[in-house]
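The values are calculated or read from the model by the stated rules, or taken from the named source; none is laboratory data. Every value quoted in this text rests on a predicted model; they were computed, and no experiment measured them. Quick reminder, even Gly has a Cβ in these numbers, built from the backbone with ideal geometry, and neighbours come from all protein chains shown.
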């Protein structure tokens with residue numbers, strides 16, 4: 001499947017006009033992730049150390065400049081980079097007039113809560129691909145994501161799995177629970193899995209609740225990294241957490257750091273992490289690996 | 001004790017116990033009521049098991065911890081007030097709490113492996129900060145004013161440093177925001193287990209020290225003649241107070257109010273004997289904190305907005321402090337610092353001095369506009385940016401910082417001349433805090449405030465704070481101690497509000513934090529020009545008043561006899577000072593202390609007459625703020641430290657140094 005895509009892209013390339021390498025700056029991590037996955041390394045990204053902690057992949061090379069805080073990117077550095085395009089989101093709308101003096105600004109909302117998630121993801125990827133002149137890579141990325149998700153869905157389809165609860169501890173008494181408007185929910189829907197959290201979430205796809213709010217759920221608890229240092233140990237000592245986790249069939253498991261508002265690469269990684277924790281060892285996952 | 005007082009104390013206790021009982025019942029209801037407490041296995045095993053667990057492992061330990069922490073804080077406050085003979089001493093006013101908090105924040109970031117030993121880290125931080133306060137007050141024989149002032153400045157300095165840590169490590173420290181605002185939430189009995197032994201040990205030691213502590217109410221000579229080692233007594237009492245406060249901070253974060261309120265209330269209700277005061281304050285403190293915490297829980301059940309216990313307690317501390325100010329008779333000890341020695345006879349005329357200062361200002365401006373780390377070349381260089389880029393990026397910020405600094409300096413000079421008190425400044429009087437509070441509330445309530453709205457809000461807040469201060473100090477003719485304490489109260493309120501809004505986790509909150517810390521990031525050229533224009537016109541407005549400003553420090557009688565319409569002049573000057581500081585707050589935030597430093601520096605440079613001092617402090621204030629803005633932009637490039645934060649750190653250090661040198 002992948003080789004077929006690759007051949008298709010190679011055939012397409014002479015047909016498409018060669019696009020100049022646009023110099024793009026991405027303030028938002030989602031845009032940075034997608035652009036890097038498309039092969040268009042952004043000139044600068046905000047808060048690179050935090051990106052490495054929260055998003056992880058695809059990795060940003062050393063030549064990408066750190067622009068400072070996301071809410072206050074360093075304007076002098078930005079203007080010295082001479083970008084052709086600056087990408088922002090609605091959260092940084094107040095900066096647009098200032099940024100507009102450096103380069104054309106495009107406000108690309110990452111995900112609008114009222115609309116379905118997955119089509120927005122596809123649309124965003126295609127749009128970024130167009131902007132950077134890498135439509136072929138964009139289609140390849142989407143196709144690869146699609147095929148990966150379909151394969152994993154097929155594996156999981158055979159098993160009857162309990163609902164999942166996706167949490168991220170904030171401190172020893174509160175956790176973020178992820179629900180609608182997050183990438184996780186979109187991938188769960190795509191894979192035919194159920195989310196045990198039905199009580200709504202904010203515009204960024206989560207809700208901060210005390211641990212007692214999780215007590216009534218019957219689900220498999222999945223903890224998403226990064227967890228603040230020392231919180232893990234304190235959670236385990238917490239009788240309420242012990243009660244909540246003892247009521248589930250299996251102990252809580254950890255998933256690697258994946259951005260909750262990520263793009264196709266994050267979607268793939270999330271699906272693969274789910275596959276890793278949900279499937280028993282001898283299963284269609286091994287067969288899948290043999291096929292590749 | 002009069003009849004009323006005799007009944008007041010037991011009456012108060014009965015009232016508090018009843019209120020606590022009622023609110024505890026109310027908070028227990030959603031968890032399943034008393035059934036959940038008594039019967040673990042009800043009709044529906046699962047949900048009643050959960051209710052029982054919630055009650056025994058969440059509700060009950062929280063209530064116990066509130067009682068214990070309240071007792072510990074009240075005991076610490078009582079010890080401090082006794083040792084220092086200062087009714088306003090408490091763990092929060094002497095910077096004990098903020099020292100512990102900063103130490104824990106720094107440890108969480110830099111040495112996460114030490115997380116497990118929180119208690120020791122908190123103790124270390126608390127000891128360090130209280131030692132600094134004491135060292136500063138030592139030369140003044142620990143006079144009440146000096147200690148409170150030193151505590152206030154250290155609080156602000158430590159708070160500035162904590163803000164810095166939070167600004168740049170928001171994602172890693174997000175988990176500590178709730179604790180950092182003072183939270184008694186518990187899961188399990190671990191907190192109670194940690195606090196109980198310390199509380200018992202300290203109670204025991206206090207009981208042992210009771211006899212010697214009673215002698216503190218006598219004069220020093222009497223104490224010595226009784227054979228009590230005063231230094232040892234003071235140190236041990238202080239160590240107890242610090243240990244108690246540090247324990248509470250490591251469990252529940254910084255909580256103010258209780259350590260101040262309980263001992264004062266007990267004393268105001270007429271209890272004199274120490275052996276009665278200590279247990280009664282502890283009891284009262286326990287009830288007060290427990291009641292506050294229950295109210296917070298009740299509020300949380302009916303509202304989505306997050307309100308941490310520490311924020312509510314700090315918000316309650318402000319009106320309490322203000323009320324105490326009107327009630328208490330403060331010892332009329334030496335308060336005002338003598339003006340610093342001036343080398344007045346060096347012969348340079350004021351014009352030349354002013355010209356020199358302007359020259360330095362110009363140099364600073366050139367530095368800010370041209371030098372530093374910019375662009376893509378690593379290291380510090382004279383800017384590779386062309387003139388157009390400088391005009392765009394650096395000039396507005398430099399201009400705004402300079403205007404803000406100049407306006408604050410003018411406000412400070414006006415206030416210092418008006419009150420004859422070298423410690424008067426918009427920040428210490430609470431005028432800036434008033435603007436800050438108004439801005440915080442306004443920005444969260446209004447959808448998209450524009451500049452005009454913000455200016456109105458800031459001015460309104462400053463005027464409200466000014467009115468409050470005037471009302472409280474009207475009869476006392478702006479007596480220094482009370483003025484400063486009004487400032488302390490208002491700044492505590494501001495900090496509480498800011499802590500609560502940050503703990504909420506609202507993304508706007510982080511932006512607010514940067515903006516209120518005095519960042520010039522959001523200034524553009526039209527705003528900068530407007531600010532420059534306003535500051536120059538206000539300066540021109542103020543200069544003709546210099547004749548009055550020369551006369552005012554000579555005293556009321558003198559001023560009146562020279563034909564000055566005293567009350568109108570005072571009012572006018574105060575209004576001008578409020579306007580100046582409100583407008584400056586918009587650019588550089590509330591706590592930069594330029595208004596305190598600049599007039600002092602102008603004096604030190606030999607410019608003592610009003611006209612020269614006004615001009616010089618405006619120029620010096622502009623220069624200082626300019627340099628703070630430049631430093632903030634360059635030190636952690638590409639991150640930016642807000643100008644106000646830089647200036648407040650420098651300013652706080654300056655004041656602390658000044659206090660250390662005072663005789």
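Taking helices (runs of 4 or more DSSP H) as the structural unit, those lying wholly within the range B:550-663 and holding at least 1 residues that are modelled with pLDDT of 85 or more and within 14 Å of another protein chain (Cβ to nearest Cβ) correspond to B:610-635, B:643-661. Within the range A:183-202, the set of residues being farther than 22 Å from residue A:34 by Cα and more than 14 Å from chain B (Cβ to nearest Cβ) comprises A:192, A:193, A:194, A:195, A:196, A:197, A:198.
Picking from residues in the range A:58-72 that are under 23 Å from residue B:517 (Cβ atoms) and not in a loop (DSSP other than H, G, I, E, B), the one that is farthest from the other protein chains (Cβ to nearest Cβ) is A:66. Against the condition part of a helix (DSSP H, G or I) and within 10 Å of chain B (Cβ to nearest Cβ), how does residue A:33 come out, does it pass? Against the criterion (part of a helix (DSSP H, G or I) and within 10 Å of chain B (Cβ to nearest Cβ)), residue A:33 does not qualify. Please determine whether any residue of the range A:223-230 is under 30 Å from residue A:122 (Cβ atoms), surrounded by fewer than 21 Cβ atoms within 10 Å (Cβ to Cβ), in contact with a helix residue (DSSP H, G or I) (Cβ under 7 Å, 6 or more places away or on another chain) and at pLDDT 85 or above. Yes: the range A:223-230 contains one or more residues that are under 30 Å from residue A:122 (Cβ atoms), surrounded by fewer than 21 Cβ atoms within 10 Å (Cβ to Cβ), in contact with a helix residue (DSSP H, G or I) (Cβ under 7 Å, 6 or more places away or on another chain) and at pLDDT 85 or above. Checked against the criterion of being buried (at least 24 other Cβ atoms within 10 Å of the Cβ), more than 24 Å from residue A:225 (Cβ to Cβ), within 14 Å of chain B (Cβ to nearest Cβ) and touching a residue at least 60 places away in the same chain (Cβ under 8 Å), the candidates A:25, A:55 yield just one match: A:25. Which residue is modelled with the lowest pLDDT, if the candidates are limited to the range A:203-222 and must be assigned to a loop (DSSP other than H, G, I, E, B), surrounded by 16 or more Cβ atoms within 10 Å (Cβ to Cβ) and more than 7 Å from every other protein chain (Cβ to nearest Cβ)? This residue is A:204. Of all the listed residues (B:260, B:274, B:288), the sole one being touching a residue at least 60 places away in the same chain (Cβ under 8 Å) and farther than 18 Å from residue B:66 by Cβ is B:274. Only one of the listed residues (B:499, B:509, B:505) is farther than 16 Å from residue B:454 by Cα, in contact with a strand residue (DSSP E or B) (Cβ under 7 Å, 6 or more places away or on another chain) and either within 14 Å of another protein chain (Cβ to nearest Cβ) or at pLDDT below 80 (or both). That residue is B:505. The helices (runs of 4 or more DSSP H) falling completely within the range B:30-100 that include 1 or more residues that are more than 14 Å from every other protein chain (Cβ to nearest Cβ), farther than 20 Å from residue B:187 by Cα and at pLDDT 80 or above map to B:60-84. Selection of the range B:210-229 for residues being surrounded by 13 or more Cβ atoms within 10 Å (Cβ to Cβ) and closer than 17 Å to residue B:89 by Cβ yields B:213, B:216. Candidates are the residues of the range A:223-236 that are in contact (Cβ under 8 Å) with a residue 60 or more places away in the chain and outside any loop (DSSP other than H, G, I, E, B); the one that is farthest from the other protein chains (Cβ to nearest Cβ) is A:232. Check whether at least one residue in the range B:13-25 is within 24 Å of residue A:242 (Cα to Cα), in a helix (DSSP H, G or I) and either away from every other protein chain (no Cβ under 14 Å) or at pLDDT 75 or above (or both), and report yes or no. No, the range B:13-25 contains no residue that is within 24 Å of residue A:242 (Cα to Cα), in a helix (DSSP H, G or I) and either away from every other protein chain (no Cβ under 14 Å) or at pLDDT 75 or above (or both). Counting only helices (runs of 4 or more DSSP H) wholly contained in the range B:117-216, the ones carrying 1 or more residues that are within 14 Å of chain A (Cβ to nearest Cβ) and modelled with pLDDT under 80 occupy B:118-138, B:144-168, B:170-180. For the range A:212-232, the set of residues classified as closer than 25 Å to residue B:118 by Cβ and more than 27 Å from the chain's Cα centre (by Cα) consists of A:212 only. Taking the criterion of being assigned to a strand (DSSP E or B), in contact with a strand residue (DSSP E or B) (Cβ under 8 Å, 6 or more places away or on another chain), at pLDDT 80 or above and buried (at least 17 other Cβ atoms within 10 Å of the Cβ), would at least one residue in the range A:270-280 satisfy it? The answer is no; no qualifying residue exists.
For (1) under 30 Å from residue B:554 (Cβ atoms); (2) within 14 Å of another protein chain (Cβ to nearest Cβ), each residue gets a yes or a no:
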| residue | (1), (2) |
| --- | --- |
| B:393 | no, yes |
| B:403 | no, no |
| B:415 | yes, no |
| B:439 | no, no |
| B:468 | yes, no |
